[in-house]
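Here is the structure we will look at, set down as structure tokens.
The values are calculated or read from the model by the stated rules, or taken from the named source; none is laboratory data. Because the structure is predicted, anything quoted here is derived from the model rather than measured. Cβ coordinates were reconstructed from backbone atoms using ideal geometry, including for glycine residues, and neighbour counts include every protein chain displayed. Side chains included, ligands, DNA and RNA excluded: accessible areas come from the protein's heavy atoms. Shrake-Rupley method; radii C 1.70, N 1.55, O 1.52, S 1.80 Å.
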Amino acid sequence: MNLKIVHIVFPFLWIIGAGVVNCSAQKLSVKGNGLKDIYKSDFLIGTALNSDQFQGKNALADRLIKAQFNSITPENVLKAEIVQPAWGRFDFSLSDRFVDYGVRNKLFIIGHTLIWHSQLPPFVEAITSKDSLRQFMSQHIAKVAGRYTGKIKGWDVVNEALNEDGTYRNSVFLKLLGKDYITDAFKQAAVAAPHTELYYNDYNIEQPRKREGAIAIIKQLQAADARIDAVGIQGHWHVGKVPYRDIEESIVAFAALGVKVMITELDLEVLPRNFSGADVSQRMVNSPEMNPFPKKLPDSLQRKLAIDYEQLFNLFLKHKDKISRVTFWGVADGDSWLNDWPVKGRTNYPLLFDRNYKPKEAFYRLLNIKR
Ligand code: 9MR
């Protein structure tokens, strides 16, 4: 069916609560054909949720989440600054609701994240002694990972511990504890959440130098007998510049070490930017040139986005024996962090669903992918 016709017919079906439409055939079928169903025997299909979404405050998003995805990651509410805002004072009010949403809807729940240099509560930044930092780390992991054992199925234990050249990032953890903090974190997480998968997660680790750093971390863990089950390539890439070869080489290289590979924060930037990755401290100034499509993404770019997503999923399918999950970083374009980073207040279009939670061409291509 012609895509334009589908776009006209489809919103009506969507609003009356249809699951997903298979539009490659002449007929439209409305049940059990979500992305999660299409890729069921390949890998999990996940999305990142903001707090309105897991609290059911957004009916359109809610319907989409349930129809399309079988795994969820909290975009922010399990980060240290939120769950432990002050030393020893834990606040699980939002994370409990996130986990309840996942349990109620039988979704594979990801914990994001235990040890990360960013979004730390201010008291951690102020720690200057080894012992105090060690104590923070072990208490934080025991309390947070321990609380959700059996419910959260996989934890990003350590997030973004590497520099672009593959060396260890000079975070407060590295400075005070040395690189063994990574091994300690995984060992502590294995005790707190014994039946939970444990992950290392980072952006740009498909790039050769940073990939070597990730390989070094996996080997460091394995040499110390610390369990690591999978590595997450975040997947914050740019339309027209997706590094397919690097991605494939990384999937193969990580899998060769005996860990699964996941794409954990997938989105494709369509706006101008002069660097890649997801280092939240990097910023650029807004201007009309930096926000070229405030009303609508041109069809030609929408098509390019769709083609890149399709090519990526073809690659993921080729390596489905090595890949356990593909998670998008957000449900729909209006929810994406890329509307505010690295430039505040842009209109970005990086996901499969538009601002009205309607499917874009990219969605249909993934739904109807040829095998
Ligand atoms: O999507 C998250 C955004 O809402 C936050 O403001 C931001 C702050 O650090 O973190 C975003 O998520 C990040 C994720 O936790 C780790 N990898 C990079 C993601 C995008 O910045």
Exercise. If you build a Gaussian network model of the chain, linking Cα atoms that sit under 10 Å apart, which residue out of LYS40, LYS179, LYS360 swings the most?
Worked result: LYS40
For this session: Give me the accessible area per residue for the chain, probe 1.4 Å, as a whole number in Å².
Result: 41 Å²
Exercise. Using modelled amide H (1.01 Å from N, peptide plane; none on Pro or chain starts), what sits under 5 Å from the amide H of ASN105, excluding residues fewer than 5 places away?
Worked result: none
Exercise. Highest GNM mean-square fluctuation, the chain, Cα pairs closer than 10 Å: which of ILE115, ILE127, ILE251?
Worked result: ILE127
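Distance cut-off 28 Å, Cα to Cα: go down the list LYS143/LYS175; LYS57/LYS344; LYS304/LYS358; LYS57/LYS79; LYS66/LYS187 and report the pairs above it.
Going by Cα-Cα distance, LYS66/LYS187 fall outside the 28 Å limit.
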Problem set entry | Label-point separation, SER281 to ALA216 (7 Å along Cα→Cβ), nm | 1.9 nm
Exercise. Using alpha-carbon pairs under 8 Å, 6+ residues apart, how would you state the relative contact order of the stretch 142-237 in percent?
Worked result: 35 percent
Seminar exercise, completed: Longest principal axis of the chain (C-alpha) makes with the long axis of helix 59-68 (C-alpha) an angle, in degrees to the nearest 10, of 80 degrees
Problem set entry | Per DSSP, loop trypsin sites (Lys or Arg not before Pro) in the stretch 230-309 with at most 12 further Cβ within 10 Å | LYS241, ARG283, LYS295, LYS296
For this session: Per DSSP H run of n ≥ 4, the term is -39500 (n - 2.57); total these for the chain, divide by its residue number, and report the mean residue ellipticity at 222 nm rounded to 500 deg cm²/dmol.
Result: -11500 deg cm²/dmol
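Could you calculate the FRET efficiency of ARG89 with GLU164 from 1/(1 + (r/R0)^6), where r is the beta carbon distance between them and R0 is 35 Å, rounded to 0.05?
That pair, ARG89 with GLU164, gives E of 0.50.
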Problem set entry | Difference of contour (0.36 nm per residue) and Cα-Cα distance, VAL252 to LYS358 | 34.7 nm
Problem set entry | Selection from TYR199, SER336, VAL144 lying farthest towards where the dipole of the chain points positive, charges on Cβ | SER336
For this session: Whenever you get a sec, compute what percent of the accessible area on the chain sits on carbon and sulfur atoms (1.4 Å probe).
Result: 53 percent
For this session: Rounded to whole Å and sorted largest first, list the principal axis extents of the Cα atoms in the chain.
Result: 64, 42, 41
Exercise. R0 = 41 Å: FRET efficiency of SER132 with ARG209, Cβ-based, nearest 0.05?
Worked result: 0.80
Exercise. Relative to the longest principal Cα axis of the chain, at what angle does helix 3-15 sit, 0 to 90 degrees, rounded to 10?
Worked result: 70 degrees
Exercise. Against the longest alpha carbon principal axis of the chain, how many degrees, from 0 to 90 and to the nearest 10, is the axis of helix 130-147 turned?
Worked result: 50 degrees
Exercise. Contour minus end-to-end for THR149 and LYS57, with contour as 0.36 nm per residue of separation and end-to-end as the Cα-Cα distance?
Worked result: 30.5 nm
Seminar exercise, completed: Under 14 Å by backbone N from the virtual spin label 7 Å along Cα-to-Cβ at HIS319, the residues of the stretch 237-254 are 243-254
For this session: Only Cα pairs under 8 Å and at least 6 apart count here; give the relative contact order of the stretch 226-371 as a rounded whole percent.
Result: 29 percent
Problem set entry | Label point 7 Å beyond Cα of GLU125 along Cβ direction - residues of the stretch 156-175 with amide nitrogen under 15 Å | 171-173
For this session: May I ask you to derive the FRET efficiency for ASP96 and LYS344 from their Cβ-Cβ distance with R0 = 30 Å, giving the value to the nearest 0.05?
Result: 0.45
Exercise. Between ALA214, ALA253, ALA189, which gets the highest mean-square fluctuation from a Gaussian network model of the chain, Cα cutoff 10 Å?
Worked result: ALA253
